[in-house]
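The values are calculated or read from the model by the stated rules, or taken from the named source; none is laboratory data. Fair warning: this is a prediction, and the values are worked out from it, not measured in the lab. Glycine gets a Cβ as well: all are built from the backbone with ideal geometry, and neighbour counts include every protein chain shown. Accessible surface is based on the protein model in full, side chains and every heavy atom, while ligands, DNA and RNA are left aside. Shrake-Rupley method; radii C 1.70, N 1.55, O 1.52, S 1.80 Å.
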Amino acid sequence: MSQMPQPTALSRCPSCEEPVESGDRYCGACGYELSAVPASPPDTPTLTMNGTTPRPRSEAADVEWPAAPPAGGPGAPVPVHLPTDIRGTDSAGSELPAAHAATPAAKGASKDAPKSASKSASKGVRLERPVEPDSGDYHLAAPRPAAPRPAEPRPAEPGPADPRATVPSPASPAGAKVCVACRAGAVDSDGYCERCGHAQPRERDHLEQQSGALAAVSDRGLRHHRNEDAFALSWSSLPDGSPAAVAVVCDGVSSATRPDDASLAAARTAGDALTRALPRSTRPQQAMHEAIIAASGAVNALAAEPETAQEHAPHQNAPACTLVGAVVSGGLLVVGWVGDSRAYWVPADRSAPPARLTEDDSWAGQMVAAGLMNEAQAYADERAHAITGWLGADAYELEPHTASFEPDRPGVVVVCTDGLWNYAEAAEEMAAVVPPDADRRPLHAARVLVGHALDGGGHDNVTVAVVPFPSPPQGAGSA
């Protein structure tokens with residue numbers, strides 16, 4: 001079978017016998033110009049014994065091969081055998097050791113045959129930088145000297161700011177509160193990050209407190225933008241020295257201005273008043289009445305707002321809130337309230353009936369008290385939660401309600417806002433939600449009750465205090 005003429009192809013360099021690839025113009029080892037090699041002589045065998053591809057017979061079989069000049073004679077080229085014999089510069093621009101001379105053929109190879117040189121590089125040759133897929137720009141560097149001069153340390157480049165860092169940025173003033181979102185910016189007086197603008201969670205969004213056997217939890221809920229509820233827990237004593245547990249829960253009226261301030265002022269004032277009055281031979285029920293009057297005065301004082309606040313909200317009502325409190329001492333249970341926050345009695349023996357201890361100052365409460373509707377009908381009306389009694393400067397008339405009870409068995413008093421009892425309105429429903437060990441683990445019970453409201457939708461702020469009855473020694477109780 002006849003064959004088409006094939007171009008001359010060399011498998012090894014005629015100068016150094018290093019393997020070469022098809023298409024190479026220069027030897028990668030010594031830089032010999034492969035394109036100048038004449039065709040193979042006619043006596044090239046068709047089969048080789050070393051496994052290399054036989055070179056095809058060329059029509060120019062009678063080419064005379066030049067005789068090699070005598071070694072060291074005139075006109076003999078300088079032998080070049082290794083890539084390190086090629087003169088060049090390193091990455092810093094300095095010349096490589098002068099002991100290696102370069103020939104004109106080698107200089108030409110540095111432009112056209114870098115890839116081949118990188119493939120057959122001998123010992124002592126290294127790549128100055130990693131090879132990139134489509135780049136043919138490689139740099140050969142000389143072998144590292146035996147004792148290299150240590151490089152001067154480079155200054156560390158600043159990296160990107162870590163958003164998880166807890167240390168304020170230099171721009172943040174010392175002692176400033178750090179943003180919970182970016183962890184770097186300072187928080188301004190309005191509660192927003194000066195760097196990323198993120199609104200910060202308020203401290204009152206979720207509060208928990210345990211004081212001995214007393215515990216309370218308050219949560220913003222899932223719909224409101226802030227928590228307008230507040231509570232106060234304290235311990236006092238009666239004149240005979242018996243301990244008295246005090247719990248007050250307040251719910252700010254959202255339609256009024258500064259409802260969160262109103263509830264906080266009322267809860268703290270009522271709690272402090274009860275703590276001071278009980279040891280002074282004041283009957284607990286009378287002490288509760290006086291505490292509600294004092295709380296009302298604290299809320300009324302908030303109505304004297306600065307003119308700037310009135311300009312921003314000229315049509316809002318004065319600060320207002322509801323209040324419910326409980327005092328447990330010995331075998332006596334006293335409750336007091338204004339508005340629609342409630343207190344429930346839940347016996348430890350769940351076979352005994354629970355009870356609601358308060359009556360709402362609301363439209364629904366009035367309808368039920370007048371016999372015009374039953375509770376189911378009244379609380380199904382859209383006007384049900386319109387309150388008719390509250391603490392505030394624009395209240396129609398302050399009428400504190402107080403009641404005293406003497407339960408015949410142990411249990412707990414649940415003091416809460418409507419954010420909880422909306423999801424467990426009847427006393428039986430509330431008792432079903434209260435954990436059986438609420439008297440021993442009041443904080444756990446309060447958390448469970450708040451969780452019940454959140455699971456139900458959390459449409460309002462939720463606050464609940466759990467007070468065991470009879471009052472255990474101060475310091476008892478666990479989470």
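For HIS224, enumerate residues with amide H under 5 Å from its amide H, sequence gap 5+ or separate chain, H modeled in the peptide plane.
none
Is the C-alpha gyration tensor of the range 176-307 telling us rounded, prolate or oblate? Criteria: a/c under 1.5 is rounded; beyond that, a/b larger than b/c is prolate, otherwise oblate.
It comes out prolate by the Cα gyration axes.
Considering every Cα-Cα pair within the range 332-391, what fraction, in whole percent, is farther apart than 19 Å?
39 percent
Hey, if we sort MET288, MET373 by accessible area with the 1.4 Å probe, largest down, what's the order?
MET373, MET288
Taking a label point 7 Å from the Cα of ALA380 along the Cα→Cβ vector, which residues of the range 347-365 have an amide N closer than 19 Å to it?
363-365
With a bin width of 10 angstrom, please list the P(r) values of the range 351-479 as percents of all Cα-Cα pairs, from the 0 bin to the one holding the largest distance.
That works out to 11, 36, 36, 16, 2, in percent per bin.
So if each residue of separation counts as 0.36 nm, and I subtract the Cα-Cα distance between ALA304 and GLN209, what length gain in nm does that give?
Length difference between fully extended and current span is 31.1 nm.
Leaving out ligands, DNA and RNA, and with a 1.4 Å probe, what % of the accessible surface on the range 367-479 is carbon or sulfur?
Summing carbon and sulfur atoms, their accessible area is 51 percent of the total for the range 367-479.
Would you please give the FRET efficiency between SER351 and ARG276, computed as 1/(1 + (r/R0)^6) with r the Cβ-Cβ distance and R0 = 35 Å, to the nearest 0.05?
0.30
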